[in-house]
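Report on the structure given below.
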Amino acid sequence: GKAVPLDLPEGSAIRASFLKNVAKKSQAQFTAYWAKLMFTGKGIPPKVVDTEADMIALVAKNPSIVGYVDSANVTADVRVVAKF
């Protein structure tokens with residue numbers, strides 16, 4: 001099935017690292033990218049969760065959900081598919 005992505009809030013250091021190292025975008029570029037997709041009806045941005053703990057809990061409950069957290073916060077409840 002389709003993967004359902006999650007995101008952390010703006011201002012999160014982990015989010016900034018993810019955008020820079022994985023998405024290769026600044027916060028402004030990321031926001032503009034999703035604004036364009038939403039405006040054209042071609043997509044909706046990932047759901048934002050408040051904390052890394054919330055992200056881990058949701059990923060652990062649903063195998064279709066993907067997210068990113070600091071490697072120090074990974075638990076045995078989730079599977080790491082990539083490191084950055």
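Search region 55-84 for residues that are of a type in the set (Gly, Ala, Ser) and modelled with pLDDT of 95 or more and pair each with any residue that is part of a helix (DSSP H, G or I) and open to solvent by less than 90 Å² (accessible area, probe 1.4 Å) when their beta-carbon atoms are under 6 Å apart and the residues are at least 6 apart or on different chains.
GLY67/MET55; GLY67/VAL59
Hey, can you tell me all the residues within region 24-54 that are of a type in the set (A, V, I, L, M), assigned to a helix (DSSP H, G or I) and under 23 Å from ALA13 (Cα atoms)?
Result: ALA28, ALA32, ALA35, ALA53.
With the requirement that a residue be in a loop (DSSP other than H, G, I, E, B) and either in contact with a strand residue (DSSP E or B) (Cβ under 9 Å, 6 or more places away or on another chain) or under 21 Å from ALA76 (Cα atoms) (or both), what does region 1-23 give you?
ALA3, LEU8, PRO9, GLU10
What about LEU6, is it open to solvent by less than 60 Å² (accessible area, probe 1.4 Å) and in contact with a helix residue (DSSP H, G or I) (Cβ under 8 Å, 6 or more places away or on another chain)?
yes
Against the definition (on the phi < 0 side of the Ramachandran plot and in a loop (DSSP other than H, G, I, E, B)), how does ALA76 come out, yes or no?
Considered against the rule, which asks whether it is on the phi < 0 side of the Ramachandran plot and in a loop (DSSP other than H, G, I, E, B), ALA76 comes out as yes.
In region 55-73, which residues are among the hydroxyl-bearing types (Ser, Thr, Tyr) and either touching a strand residue (DSSP E or B) at 6+ places or on another chain (Cβ under 6 Å) or part of a helix (DSSP H, G or I) (or both)?
SER64, SER71 - these are the residues of region 55-73 that are among the hydroxyl-bearing types (Ser, Thr, Tyr) and either touching a strand residue (DSSP E or B) at 6+ places or on another chain (Cβ under 6 Å) or part of a helix (DSSP H, G or I) (or both).
Taking into account only those residues within region 20-77 that are closer than 13 Å to PRO5 by Cα and hydroxyl-bearing (Ser, Thr, Tyr), which is surrounded by the fewest Cβ atoms within 10 Å (Cβ to Cβ)?
SER64
The values are calculated or read from the model by the stated rules, or taken from the named source; none is laboratory data. Because the structure is a prediction, the values reported are computed rather than measured. Every residue, glycine among them, receives a Cβ derived from its backbone with ideal geometry; neighbour counts consider all protein chains shown. When the accessible area is computed, the model is the full protein with side chains, heavy atoms only, and any ligands, DNA or RNA have been set aside. Shrake-Rupley method; radii C 1.70, N 1.55, O 1.52, S 1.80 Å.
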